[in-house]
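Trainee: The structure's right below; bear with me while I get my questions together.
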Amino acid sequence: MSAKPVVIVISDLHLGGGSADPGDDHVFDQQQLAGFIDTLRTSGDGQQGRIELYINGDFLEFAQVGQHLYTLRSADAWCSEGESRAKLKLILDGHPEVFRALKAFSAAGNRVTLAAGNHDVDLFWEGVQADLRAAAGPIDFVLGADWTSRFDGRLRIAHGHQHDLANRFRHWAQPFVSGPDGQKRLEMCPGTLFMVKFVNWLEGNYPFADNIKPVSALWRVLARENTLGLASIGWMLARFAARHPGVTMGGKAEATSLPQQLVATMRADDAVGDTLRGWYRAYLEGNASDEQIDTALGDPERLEALMIAVMGSEPPGAWETALGRARVARTLGEGQGTLQLAESQKMDDKLLFREVAKAELTRAASPAEVVVLGHTHCPDDWCWSELPGKRYFNPGSWTRYAEIDRQARLSLAELKDEAAFPYALNYVRVAVGTAGLDAQMQAYARCEGGL
């Protein structure tokens, strides 16, 4: 297809299985996405076939839809092609109006481009691509590229997950592995493992748990619950976050505090001790004695290794269930507690992605004027005084969200009511202007929520 003079960028829609899927976080109570696509199609540019709709990653929520379809116990291998296609069918059946709208949009001469993100790496399967084209008409796929360009490189677009260590794929150009069952499968990134084996389970009781932004802040809500199972999962998530550039564990806290509390619980509670020591022997060191295991799990690195192995190999929720209602020290949920990220260097995806955009805009010999990223779910429209004429956008997500800094005392119980939270359905429009690219972010619809 030829280049279009108008590029519309949206991202992070996370379409699930529709009204039959309680984990579908996509805002569709008024068919917003289908309405947006129809609005583009019936606009002056749309009627002339002048628009490219670029969906910049995480369009389809493969990680959460059809959870019964992925049963492999692995920390490294995600879906087979058959499993991905079965998940896609649930999405297609759940949102037929969206795919009809895309087909009509293309039929008017416009262009649809889908870029894969960390939640829809399944787009790499040829069968998935064929099924989507059958439902939605001609679609271009962007696969395995960190960046794509429009307008001779003046517009640069990336989903952004490859800049996030928890959601980065080792082999993004060809993210395939041989699974333990011998099948060709997709690579599993750490973030997907965490989503599939913990967040999906947590959402059974707290449907909004995965919408806290930044996602790393979920550990603060977990720690506040003061049960060792949830707090230790939060501890592991904080360790993921601590590997992120610009992030550190709180300097006033002992990083070994939670491992020591967990070992003490193992020694005081035979059921907890027997389960965790059994897992340790099964997944890490088969001949270790009880004392060797207790010593090893006092080491944060070793404890995290066990938790990842359990998360990959055991049923969802197994870790928290094994620890039952064991209590944890109150300091885990307080401002100066063991898990506290230093306030001055707290995880901030928004600031990190501004730096990613700035690096791309200032790359040697780059003609880039505008950068558009996704992934964080945090809307952003930013420019730098030292870079006149250059701009960065992130439209955010077409899901509801909770910003933890604004709702500092958020509890798990409050995550049961999605309607209490806001959304902003943003898009970025880019076209050639009289003095460089004409780029702006606009909102198709928004809701302030009630919390």
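The values are calculated or read from the model by the stated rules, or taken from the named source; none is laboratory data. These numbers were taken from a predicted model, which means no experiment stands behind them. All Cβ positions, even for glycine, are placed from backbone atoms using ideal geometry, and neighbour counts span all protein chains on display. In case anyone asks, the SASA skips ligands and DNA or RNA and just uses the protein heavy atoms, side chains included. Shrake-Rupley method; radii C 1.70, N 1.55, O 1.52, S 1.80 Å.
Trainee: Please work out if S74 is part of a loop (DSSP other than H, G, I, E, B) and over 17 Å from the mean Cα position of the chain (by Cα). Talk me through it step by step, then tell me what you get.
Mentor: Numbers: part of a loop (DSSP other than H, G, I, E, B): yes; over 17 Å from the mean Cα position of the chain (by Cα): yes.
Yes, satisfied.
Trainee: Let me ask something else. Please go through region 256-282 and pick out each residue that is of a type in the set (G, A, S) and either open to solvent by less than 50 Å² (accessible area, probe 1.4 Å) or in contact (Cβ under 8 Å) with a residue 60 or more places away in the chain (or both).
Mentor: Quick first cut of region 256-282, residues of a type in the set (G, A, S) only: 257, 264, 268, 271, 273, 278, 282.
Matches in region 256-282: S257, G273, G278.
Trainee: Take the residues of region 286-302 that are within 32 Å of the chain's Cα centre (by Cα) and either outside any helix (DSSP H, G or I) or without any contact (Cβ under 8 Å) to a residue 60 or more places away in the chain (or both): which is surrounded by the most Cβ atoms within 10 Å (Cβ to Cβ)?
Mentor: L297
Trainee: Of everything in region 66-84 that's open to solvent by 40 Å² or more (accessible area, probe 1.4 Å) and closer than 29 Å to W147 by Cα, which residue is modelled with the lowest pLDDT?
Mentor: Step one: of region 66-84, the residues open to solvent by 40 Å² or more (accessible area, probe 1.4 Å) are 67-69, 71, 73, 76, 81-82.
When the remaining residues are screened for being closer than 29 Å to W147 by Cα, the result is 76, 81-82.
Details: D76: 88, E81: 98, G82: 98.
Per the criteria, the residue is D76.
Trainee: What number of residues within region 87-99 satisfy the criterion of being open to solvent by 40 Å² or more (accessible area, probe 1.4 Å) and under 29 Å from R168 (Cβ atoms)?
Mentor: Total satisfying the criteria: 2.
Trainee: How many of the residues making up region 100-122 are within 18 Å of I157 (Cα to Cα) and open to solvent by less than 30 Å² (accessible area, probe 1.4 Å)? Steps first, please.
Mentor: The first filter runs over region 100-122 and keeps only residues within 18 Å of I157 (Cα to Cα), leaving 111-121.
Okay, now just the ones that are also open to solvent by less than 30 Å² (accessible area, probe 1.4 Å), so 112-121.
Total meeting the criteria: 10.
Trainee: Quick check: anything in region 160-177 closer than 23 Å to R429 by Cβ and not in a loop (DSSP other than H, G, I, E, B)? Give the steps one after another, and end with the answer.
Mentor: Residues of region 160-177 that are closer than 23 Å to R429 by Cβ, as a first pass: 160.
Narrowing the set further to residues that are not in a loop (DSSP other than H, G, I, E, B) leaves none.
Taking every residue of region 160-177 in turn, none turns out to be closer than 23 Å to R429 by Cβ and not in a loop (DSSP other than H, G, I, E, B).
Trainee: Output the number of residues of region 176-187 satisfying the condition of being crowded, with 21+ Cβ neighbours inside 10 Å and farther than 18 Å from F59 by Cα. Quick ask: steps written out before the conclusion?
Mentor: Filtering region 176-187 down to residues crowded, with 21+ Cβ neighbours inside 10 Å leaves 185-186.
Checking which are farther than 18 Å from F59 by Cα leaves us with 185.
Count: 1.
Matching residues to (1) in a strand (DSSP E or B); (2) more than 17 Å from A443 (Cβ to Cβ):
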site: V9; (1), (2): yes, no
site: L13; (1), (2): no, no
site: S19; (1), (2): no, yes
site: P22; (1), (2): no, yes
site: D29; (1), (2): no, no
site: L33; (1), (2): no, no
site: F36; (1), (2): no, no
site: G46; (1), (2): no, yes
site: Y54; (1), (2): yes, yes
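Trainee: So, A63, is that one open to solvent by 10 Å² or more (accessible area, probe 1.4 Å) and modelled with pLDDT under 95 or not? Give the steps one after another, and end with the answer.
Mentor: Details: open to solvent by 10 Å² or more (accessible area, probe 1.4 Å): no; modelled with pLDDT under 95: yes.
So A63 does not fit the description; no.
Trainee: Here is a further query. In region 431-451, which residue that is part of a strand (DSSP E or B) and farther than 19 Å from W398 by Cα is most open to solvent (accessible area, probe 1.4 Å)? Outline the logic, then answer.
Mentor: So the first thing to find is which residues in region 431-451 are part of a strand (DSSP E or B), and the list is 431-433, 436-447.
Among the residues that remain, those that are also farther than 19 Å from W398 by Cα are: 431-433, 436-439.
Working: A431: 12, V432: 89, G433: 30, G436: 21, L437: 25, D438: 66, A439: 25 Å².
Checked region 431-451; the qualifying residue most open to solvent (accessible area, probe 1.4 Å) is V432.
Trainee: Pairs only if they're at least six apart or on different chains, beta carbon under 6 angstrom, first in region 153-175 and in contact (Cβ under 8 Å) with a residue 12 or more places away in the chain, second open to solvent by 10 Å² or more (accessible area, probe 1.4 Å) and among the small types (G, A, S); list them, first residue then second.
Mentor: Here the result reads R156/S149; A166/G191; N167/G191; W172/G144; A173/G144, each pair linking region 153-175 to a residue that is open to solvent by 10 Å² or more (accessible area, probe 1.4 Å) and among the small types (G, A, S).
Trainee: Further, regarding this structure: Given the criteria at pLDDT 70 or above, in contact with a helix residue (DSSP H, G or I) (Cβ under 7 Å, 6 or more places away or on another chain) and surrounded by 22 or more Cβ atoms within 10 Å (Cβ to Cβ), does N167 qualify? Steps first, answer last, please.
Mentor: Working: at pLDDT 70 or above: yes; in contact with a helix residue (DSSP H, G or I) (Cβ under 7 Å, 6 or more places away or on another chain): yes; surrounded by 22 or more Cβ atoms within 10 Å (Cβ to Cβ): yes.
Yes: the conditions hold for N167.
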